[in-house]
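In what follows, a single structure is set out as structure tokens and then discussed.
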Amino acid sequence: MKKRWPYYLANKPVQANTALEVFDKFSGERVARVAFADATAIDAAIAAAHAAREPMAAFPPDARRDVLEHCVKRFEARGEELALALCIEAGKPIRDARGEVTRLIDTFRIAAGEATRIGGEVLELQLSPRTRAYRGMTKRVPVGACSFITPFNFPLNLVAHKVAPAIAAGCPFVLKPAAKTPLGALIIGEVLAETHLPAGAFSILPCSNEDAAALVEDERIALLSFTGGLVGWDMKARAGRKKVTLELGGNAACIVDADPGRRLDEVVERLVFGAYYQSGQSCISVQRILVHRDVHDALVKKLVAAVKKLKAGDPREEATFIGPVIDEAAATRIDGWIHAALRGGAKALVRGKRLGNLLGASLLRDVPHDADLQRKEAFGPIACIDVFDNFDDAIARVNDSDFGLQAGVFTARIDHAMRAWDRLEVGGVVVGDVPSVRVDNMPYGGIKQSGVGREGVRCAIEDMTEPRLLVLRD
């Protein structure tokens with residue numbers, strides 16, 4: 001691991017300073033110093049991206065594909081380095097870190113395939129005698145310069161879901177990675193710098209939230225894509241006329257029906273994964289579990305036993321399932337929400353201990369309806385479990401949320417599966433598994449406070465391009 005890292009301004013590494021310190025999230029030791037961009041650098045990056053609009057639009061689709069395929073090969077070659085960087089800067093257990101590297105590669109590979117498939121359509125304009133002489137066609141063209149702001153929890157894959165579609169679509173961009181986890185994005189920058197992208201095609205700039213205001217407000221930016229907290233709604237209000245896509249989290253629920261359609265052991269295995277994978281620091285982490293009374297007692301017994309076995313500790317160790325959360329302030333907040341729920345009448349089936357920013361897994365039942373653990377996004381290794389008697393009541397309880405990203409349903413009944421798809425107020429319904437499932441080519445996003453727009457490579461490319469019409473008169 002290098003000790004000093006530049007940022008990337010208009011495709012070039014710039015070691016402007018070493019102002020940003022990056023820490024090992026488990027040991028607390030400083031592992032690297034990173035160049036930290038100021039407002040001047042951000043303005044220069046926006047200007048470069050704006051100037052690169054025409055060269056990027058003219059960059060042929062097969063050349064865009066070749067850039068993305070080069071990235072795939074280089075990420076494969078540097079896979080263990082990328083995983084270790086995730087393990088250190090994000091505290092992600094090493095097995096999960098390797099999984100995220102796989103998703104990074106998948107996302108770039110999908111985008112490479114899409115780069116030469118961005119087409120249009122033929123329109124039938126002969127709708128009446130008046131229009132019999134006309135033909136219509138559309139093609140999709142890049143929207144222009146884009147700005148991307150990404151969070152700490154998936155420092156590779158959430159960057160990939162913005163960067164790879166932008167290259168496929170022919171859009172120059174400026175990326176602000178999370179200041180707590182910039183290294184993965186900078187390794188991506190190293191690889192992009194090896195390619196023949198037009199000058200100004202990309203900038204990757206760790207910077208302050210204050211200086212990043214230009215990425216939201218500058219009129220030279222045509223599209224803003226933000227993944228993070230509810231501050232995204234304020235960004236949307238400040239963004240002016242540019243396109244905006246937001247993914248702002250959730251408090252995902254999973255329904256376990258009277259006949260789950262799976263063995264209880266398998267249901268428990270998936271619930272444990274969904275709730276505690278990556279210490280619960282996922283927007284689609286299982287936070288609320290609703291179990292039918294017929295299977296409640298048997299499932300809870302198995303679930304408690306499984307949660308108690310989860311190992312929390314050093315993320316470098318292969319056996320570790322739960323690593324540290326991003327910082328001690330986050331751990332203190334999560335622990336405080338658990339204490340508040342217990343004071344309000346909740347019962348702890350499993351109560352994880354906190355040591356600094358390392359927080360063991362917790363499982364609570366009878367959490368008050370108005371508790372933060374029910375209403376807000378916990379973003380930690382905690383799940384709440386409740387019982388239901390009627391499937392429609394379970395749907396109503398899932399919908400009683402300010403968020404609506406994804407939901408999971410374990411059921412053997414096709415009518416219940418279809419009812420969930422029809423009535424759950426979420427962006428995606430996963431039947432036969434937890435809501436934590438995401439495949440990198442599927443439309444992904446939510447409603448309500450969870451955001452606006454859809455990610456997924458093809459959806460992102462559609463956002464980053466727009467139809468241009470041609471009408472021909474015979």
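The values are calculated or read from the model by the stated rules, or taken from the named source; none is laboratory data. Predicted, not measured: the structure shown is a model, and the values here were computed from it. Reconstructed Cβ throughout: ideal geometry from the backbone, glycine too, with neighbour counts over all protein chains shown. The protein model used for the area step is the full one, side chains on, heavy atoms only, and it has no ligands, DNA or RNA in it. Shrake-Rupley method; radii C 1.70, N 1.55, O 1.52, S 1.80 Å.
Only Lys, Arg, Asp and Glu carry charge here, each on its Cβ (+1 for the first two, -1 for the last two); on that basis the chain has a dipole of about 340 debye about its Cα centre. Averaged per residue, the chain has 41 square angstrom of accessible surface, using a 1.4 angstrom probe with ligands and nucleic acids left out.
The average projected area of the chain, computed from the convex hull of its Cα atoms over all directions, is 23.9 nm². Estimated at the nearest 10 Å², the accessible area of THR116 is 70 Å² with a 1.4 Å probe. For the range 262-308, the ratio of Cα radius of gyration to the globular rule of thumb 2.2 N^0.38 Å stands at 1.13.
Considering only Cα-Cα distances, which of the following residue pairs are longer than 24 Å: LYS180/LYS347; LYS92/LYS311; LYS176/LYS242; LYS308/LYS347; LYS12/LYS243; LYS2/LYS92? Intermediate results must be reported in sequence, preceding the final value.
Details: LYS180/LYS347 34 Å; LYS92/LYS311 13 Å; LYS176/LYS242 18 Å; LYS308/LYS347 16 Å; LYS12/LYS243 27 Å; LYS2/LYS92 19 Å.
As for pairs spanning more than 24 Å Cα to Cα, those are LYS180/LYS347; LYS12/LYS243.
Diffusion coefficient of the range 21-133 by Stokes-Einstein, Kirkwood radius over Cα pairs, 10 °C, 1.306 mPa s: 87 µm²/s.
Where in the range 164-211 are there GluC sites (Glu not before Pro) that are in a DSSP coil and have at most 13 other Cβ atoms within 10 angstrom of their Cβ? Could the numbers behind the result be given before it?
Details: sites: GLU190, GLU194, GLU210; in loops: GLU194, GLU210.
Listed in order of number, the matching sites are GLU194, GLU210.
How large, in percent, is the carbon and sulfur part of the accessible surface of the range 294-421 at a probe radius of 1.4 Å?
Working: 2950 of 5650 Å².
Exposed carbon and sulfur together represent 52 percent of the surface.
What's the carbon and sulfur percent of the range 87-140's accessible surface, probe 1.4 angstrom, rounded to a whole number?
Details: 1450 of 2830 Å².
Carbon with sulfur: 51 percent of the solvent-accessible area.
Could you tell me the relative contact order of the range 17-72? Use alpha-carbon pairs under 8 Å, at least six residues apart, and round to a whole percent.
With pairs under 8 Å counted, the relative contact order is 22 percent.
Computed packing ranks the peptides 89-101, 18-30, 352-364 as 89-101, 352-364, 18-30, most packed first, by mean other Cβ atoms within 10 Å. Go from 0 up to the bin containing the longest alpha carbon distance in the range 134-193, width 10 Å each, and give me the % of pairs per bin. Going out from 0 Å in 10 Å bins, the range 134-193 shows 21, 47, 19, 8, 5, 1 percent. Spherically averaged projected area of the convex hull of Cα atoms, the range 49-114: 5.3 nm².
Given Cα pairs under 8 Å that are at least 6 residues apart, what percent is the relative contact order of the range 94-200? Intermediate values should be presented prior to the final figure.
Details: 111 pairs, mean separation 28.1, N = 107.
Computed over the range 94-200, the figure is 26 percent.
In the chain, taking the dipole from charged Cβ atoms about the Cα centre, the farthest positive-side position among VAL14, ILE447, SER147 is held by VAL14.
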